[in-house]
């Protein structure tokens, strides 16, 4: 679900994911990487569906100012991918992955980088879906109990009423933690971790739905504590490797070659104190934390994000590779917040419906695909994952709406436009 900054498709035929394992860090030998059984293609490629040109045209409309966003284009570029019953029916890219340099200064056409179907995006809060999957894996393995207090695992999770915060509350955004944390720079990882864990509550645990990035940051620390592993390594070995994701991970400079970075990385902000952001996480807190955090920091292609959606649509498995038990996915996709009051100053009318790490039935980005069983997540940089079980549909829309300035637009009109085309075309 996007939040305000409070702390914060050229039509192309789909290419199947090749079955490579999750990307190894650049320079890491094959011998040192975990041995995994690589998965097969994310979906069956097919000729574009009859509705694919309509999706491309809809995305092109937002490359210039529109009545919905008259001041600026909604984004410089976008990629959309739709998989219906295991078949890729749309995979298209429009616009530019890089259009502005720091300032922002608009680049001449010869200096821009065109968007590609396999461009790699900062997926922002879709990272939370990965963190939730990791947490639920530890529940399955008996290392975490959803009903247990967070403080029973993390002794530094201290403060008024925080003993009442459970693991489940972190996943459902009902912990009472605020949307963002204040994390100091240049004080070392230990003090930064304490700053996250000691973030005071701003509401009574379990009483309201309040979207919280801090909750997923804390969950990441929980996962690291009970596994003894690092978050980035766990994403690579526990999610990417079994699903065969070759274009997903934190810190893309460590696993993308220099030519790939130049051709495929999508830029975000061009007017921050950090200069042009391309391959560096957009979220300020995640950047302070070194680019690896439970709430933001993962970079991925549309095909890889769709593969995660397919795994959840498939009850936790894809192409014979299981990342979650079917019962766990059923619980994950059950509304855990129905009827709770919402605390959201910017979007008070949005429904609170949320499962364990995913949001449910949200017309503001799902359009006419929205239903009580439709689930997914959005990211602040203009990204979204939507899964409609009734239609056996996975829809990924990745945009660079934060390039060059996140305040220029809200990407929801584009999200709804594409979703509505799919809703009308897919019975």
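General remarks:
- Hits in region 368-382 (condition: crowded, with 23+ Cβ neighbours inside 10 Å and more than 18 Å from residue 409 (Cα to Cα)): 369, 374, 375, 376, 377
- If the condition is being on the phi > 0 side of the Ramachandran plot and either modelled with pLDDT under 95 or in contact with a strand residue (DSSP E or B) (Cβ under 7 Å, 6 or more places away or on another chain) (or both), then region 78-114 contributes 86, 95, 103.
- Residue match in region 348-356 (condition: closer than 26 Å to residue 93 by Cβ and in contact with a strand residue (DSSP E or B) (Cβ under 6 Å, 6 or more places away or on another chain)): no
- Scan of region 389-414 for residues that are in contact with a strand residue (DSSP E or B) (Cβ under 9 Å, 6 or more places away or on another chain), surrounded by fewer than 24 Cβ atoms within 10 Å (Cβ to Cβ) and farther than 17 Å from residue 74 by Cβ, ordered by number: 389, 391, 392, 393
- Residues in region 158-179 that are part of a loop (DSSP other than H, G, I, E, B) and crowded, with 21+ Cβ neighbours inside 10 Å: 165, 173, 174, 175, 176, 177, 178, 179.
- If you go through region 87-128 and keep only what is assigned to a loop (DSSP other than H, G, I, E, B) and over 18 Å from the mean Cα position of the chain (by Cα), you end up with 99, 102, 103, 104, 107, 108, 112, 115, 116.
- Against the numbered list (1) part of a helix (DSSP H, G or I); (2) out of contact with any helix residue (DSSP H, G or I) (no Cβ under 8 Å at 6 or more places or on another chain); (3) under 29 Å from residue 66 (Cα atoms), residue 416 comes up short only at (2).
- Filter result for residue 191 (at pLDDT 95 or above, in a helix (DSSP H, G or I), within 30 Å of residue 306 (Cβ to Cβ) and out of contact with any helix residue (DSSP H, G or I) (no Cβ under 7 Å at 6 or more places or on another chain)): no
- All of (1) touching a helix residue (DSSP H, G or I) at 6+ places or on another chain (Cβ under 9 Å); (2) surrounded by 17 or more Cβ atoms within 10 Å (Cβ to Cβ); (3) assigned to a loop (DSSP other than H, G, I, E, B) hold for residue 139 with one exception: (3).
- For residue 315: the one exception among (1) touching a helix residue (DSSP H, G or I) at 6+ places or on another chain (Cβ under 7 Å); (2) more than 23 Å from residue 89 (Cβ to Cβ); (3) in a loop (DSSP other than H, G, I, E, B); (4) modelled with pLDDT of 95 or more: (2)
- Checking residue 256 against (1) over 18 Å from the mean Cα position of the chain (by Cα); (2) surrounded by fewer than 20 Cβ atoms within 10 Å (Cβ to Cβ); (3) closer than 22 Å to residue 125 by Cβ; (4) modelled with pLDDT of 95 or more, the condition it does not meet: (2)
- Lone qualifier among 261, 210, 246 - being surrounded by 17 or more Cβ atoms within 10 Å (Cβ to Cβ), modelled with pLDDT of 95 or more and over 30 Å from residue 169 (Cβ atoms): 246
- Scanning region 273-312 for residues that are assigned to a helix (DSSP H, G or I), touching a helix residue (DSSP H, G or I) at 6+ places or on another chain (Cβ under 9 Å) and surrounded by fewer than 24 Cβ atoms within 10 Å (Cβ to Cβ) yields a total of 3.
The values are calculated or read from the model by the stated rules, or taken from the named source; none is laboratory data. None of these values were measured; they are calculated from a predicted model. Heads up, the Cβs are rebuilt from the backbone with ideal geometry, glycines too, and the neighbour counts pull from every protein chain shown.
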